[in-house]
Amino acid sequence: MNSLLAIINPVLDSMPESHLKPALRDAFVAQRRHFETIEAGFRALTARRQDPEMLRTFFASWAQTNNSATTVAGIGNRMTLLVHKGADVADERAMLGALASLDRIIDEDLAVTGKVLHAQLFYDMATGIVGDDDWLSQRYVHPTARAFKAWKDANSLREHDLTIALLTTIAHEIYTHGEVEFILPLFERWLGESYERTHAETLRTLAWIGVHCGPTEKNHFFHALDALERYTTAMGVRADLAAVETIVASYLAQKAAVMQAVALDQVGALEVLR
């Protein structure tokens, strides 16, 4: 049976040798129980046709854990602000390289490459499955999803140490690679069997997932790694390895809490009502 770790680990293994490589691998492997909760949540969601109200909560909340182009842009903004304020930058060329790598993470999201904003693709997917766009209302965002986004934004946009922001981005990009690859076959079967969509209709509806599969998120992960390497060179600093374990653990614990609340608990509650 496929698993998130089985998808993520080979990419981590393909990293160039560095002090960060074993730290990342160990940090992700240590969170196996959270991966299992996330996987169970997606399997519960896609096991049958779901109540639209449940789906509104799911997509409103799931969106909070995914769409992060503005956060990555914000990290780049923080880097240029350092230069603007005259911070002691040891290597300005390396800083420019870090910014260039960050921008490569969000090219597709912002339709700089490709023809459609990824936010539009997510809207089309969620609305196509729910049946309306009421899921956009903030009332459907579960508190666990609000907490996840608040934590991630604090790490990326408020934490003084910018290496924390970059490590959080690295964790997000490699996790997202695993997630989209894991869920695509589940969602394809779900729409075909439970919603009686044709293959062509399914591909159109799931374009947001499809465009993130293959090399897309893997490339984003390596761009994030490159951004960290160049930033640390530019500033003459070193990323704290102890922070890697903390960031990955917090990321996955909160992601699992969201999936528990908006998928596992919701599906279970609906089963009781039926």
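The values are calculated or read from the model by the stated rules, or taken from the named source; none is laboratory data. Predicted, not measured: the structure shown is a model, and the values here were computed from it. Here the Cβ positions follow ideal geometry from the backbone for every residue, glycine too, while neighbour counts run over all protein chains shown. With ligands, DNA and RNA removed, areas are computed over all heavy atoms of the protein, side chains included. Shrake-Rupley method; radii C 1.70, N 1.55, O 1.52, S 1.80 Å.
Tabulated results
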read-out: Residue under evaluation Thr169, criteria (1) among the polar types (S, T, N, Q); (2) farther than 19 Å from Ala256 by Cα; (3) surrounded by 23 or more Cβ atoms within 10 Å (Cβ to Cβ), criterion not met; value: (2)
read-out: Residue match in segment 45-62 (condition: touching a residue at least 60 places away in the same chain (Cβ under 8 Å), open to solvent by 10 Å² or more (accessible area, probe 1.4 Å) and in contact with a Phe, Trp or Tyr (Cβ under 6 Å, 6 or more places away or on another chain)); value: yes
read-out: Qualifying residue in segment 30-41 (condition: farther than 30 Å from Gln266 by Cα and either open to solvent by 20 Å² or more (accessible area, probe 1.4 Å) or out of contact with any helix residue (DSSP H, G or I) (no Cβ under 8 Å at 6 or more places or on another chain) (or both)); value: no
read-out: Selection count, segment 185-207, where residues are assigned to a helix (DSSP H, G or I) and either open to solvent by less than 10 Å² (accessible area, probe 1.4 Å) or farther than 26 Å from Pro10 by Cβ (or both); value: 12
read-out: Test: residue in segment 253-262 that is crowded, with 19+ Cβ neighbours inside 10 Å, under 20 Å from Ile106 (Cβ atoms), under 21 Å from the mean Cα position of the chain (by Cα) and in contact (Cβ under 8 Å) with a residue 40 or more places away in the chain; value: no
read-out: Residues within segment 67-84 that are under 30 Å from Met259 (Cα atoms) and either in contact with a Gly (Cβ under 9 Å, 6 or more places away or on another chain) or surrounded by fewer than 18 Cβ atoms within 10 Å (Cβ to Cβ) (or both), tallied; value: 5
read-out: Residues (within 26 Å of Phe42 (Cβ to Cβ) and either among the β-branched types (Val, Ile, Thr) or assigned to a loop (DSSP other than H, G, I, E, B) (or both)) located in segment 209-254; value: Ile209, Val211, Cys213, Gly214, Thr216, Val244, Thr246, Ile247, Val248
read-out: Val267 vs. criteria surrounded by 16 or more Cβ atoms within 10 Å (Cβ to Cβ) and either of a type in the set (D, E, K, R) or more than 21 Å from the chain's Cα centre (by Cα) (or both); value: yes
read-out: Odd one out for Asp26 among (1) surrounded by fewer than 16 Cβ atoms within 10 Å (Cβ to Cβ); (2) in contact with a Gly (Cβ under 6 Å, 6 or more places away or on another chain); value: (2)
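Residues checked against (1) part of a loop (DSSP other than H, G, I, E, B); (2) farther than 30 Å from Leu206 by Cα; (3) of a type in the set (D, E, K, R):
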residue: Ile38; (1), (2), (3): no, no, no
residue: Thr70; (1), (2), (3): no, no, no
residue: Leu81; (1), (2), (3): no, yes, no
residue: Gly114; (1), (2), (3): yes, no, no
